[in-house]
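Read through the structure below, which is laid out as structure tokens, and then see the notes.
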Ligand SMILES: [Zn+2]
């Protein structure tokens, strides 16, 4: 039954996805200069909107005499960084749309009290299309069986959970909420052996326990097409183990719930595996020193993110709490989207 439904939804989804992702797919081949021009145009629109509609930014821009018309890299660096703490305290003053029209997400990380982040519909849709593009890089196509090892958000309501189960069914996907006990690892391993999915998308923090189980019990796993990892840092040792066990390539990603919940991807590896391509048509990523001054490519520092698409609750120069580095190298695949090093990320808190 499930196979029949999956095949029926395949042709519909293929057509829908093709129509709606063409802009995202085209954008990956922009030149570096085209990306910069697009970013500055989007940034100025976002800053104007934030100034006119979000009291937090209105007060800050006026207080620091920040002129949007004269915006350049130096002027942009004068904007105060946004932190999770400010986001929590100033939430009402950050919202720049009618709140009832926005979608609620939560900040990522280990904190027991995630902060609510509101996003407009267009921004969420764009995040989904970006994820679709990155999945294509890993060899995914609509209809291929995908298993997600993914922590389900606790604050999602019953109706939303039902909706998600229906979508999973139609897309031939299966979600496992990762647990770190032996019985869970056993049932997951058996499911993967029997169902033989094409792709597994997993949360890296769960990986250590599951890999231990597979090695300890000498389980022969099926050959997959790809494994996509996100969440915590993926070590070289874990990457090599995954490649050895599943005989497939591993595609690491960097994302956060602030930028679209489960679809909140910021950067992703292509099949050249040189680093993670920043979705530069959607984000400006800076790496800054302890005084919040940008340090430029090739130097490690704290990651600061500007979301160019969320006009519902503008997130401008957001210090997310991760450490990283923008690479000097251009990717061999030919895409000019800048690369983030995939070995440095970790939550400071
Ligand atoms: Zn590439």
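Table for the structure above
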{"read-out": "Separation of the residue 167 and residue 101 label points, Cα + 7 Å toward Cβ, nm", "value": "2.1 nm"}
{"read-out": "Average Cα contact separation per residue, the chain, under 8 Å, 6 or more apart, as relative contact order %", "value": "20 percent"}
{"read-out": "Debye-sum result for region 223-262 in log10 I(q)/I(0), which assumes one identical scatterer on each alpha carbon, at q = 0.15, 0.35 Å⁻¹", "value": "-0.39, -1.18"}
{"read-out": "Spherically averaged projected area in nm², based on the convex hull that wraps the Cα atoms of region 118-208", "value": "7.2 nm²"}
{"read-out": "Over region 287-330, equivalent-ellipsoid semi-axes from the Cα gyration tensor in Å", "value": "21, 13, 8"}
{"read-out": "Helix 236-246 axis, angle to the chain major axis (alpha carbon atoms, nearest 10°)", "value": "40 degrees"}
{"read-out": "Residues 279, 126 arranged by fewest to most Cβ contacts within 10 Å", "value": "126, 279"}
{"read-out": "Whole-Å semi-axes of the chain's equivalent ellipsoid (Cα gyration tensor)", "value": "35, 22, 20"}
{"read-out": "Against the rule of thumb 2.2 N^0.38 Å, how large the Cα Rg of region 150-308 comes out", "value": "1.17"}
{"read-out": "233, 31, 306 arranged by Cβ crowding within 10 Å, fewest neighbours leading", "value": "31, 233, 306"}
{"read-out": "Largest to smallest principal axis extent of the C-alpha atoms in region 227-291, angstrom", "value": "41, 27, 21"}
{"read-out": "C-alpha long axis of helix 121-137 to longest principal axis of the chain, angle in °", "value": "50 degrees"}
{"read-out": "Sorted peptide list for 261-272, 87-98, 160-171, criterion being average Cβ within 10 angstrom, highest first", "value": "261-272, 87-98, 160-171"}
{"read-out": "The chain - share of DSSP beta bridges that are antiparallel (%, nearest 5)", "value": "60 percent"}
{"read-out": "Helix 32-53 vs. the chain, principal-axis angle (Cα, 0 to 90°, nearest 10)", "value": "70 degrees"}
{"read-out": "DSSP bridge orientation in region 74-214 - percent antiparallel, rounded to nearest 5", "value": "35 percent"}
{"read-out": "Relative pair counts by distance (%), Cα atoms of region 64-104, 5 Å bins", "value": "5, 17, 19, 17, 20, 15, 6, 0"}
{"read-out": "Calculated [θ] (222 nm, deg cm²/dmol) that DSSP helices of n ≥ 4 give over the chain, each run adding -39,500 (n - 2.57)", "value": "-12000 deg cm²/dmol"}
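Read the figures in this text as sums done on the coordinates, not as results from a lab. Bear in mind that the values here come from a model prediction, so they are computed numbers and not experimental data. Please note: Cβ atoms are built from the backbone with ideal geometry, for glycine as well, and neighbour counts cover all protein chains shown.
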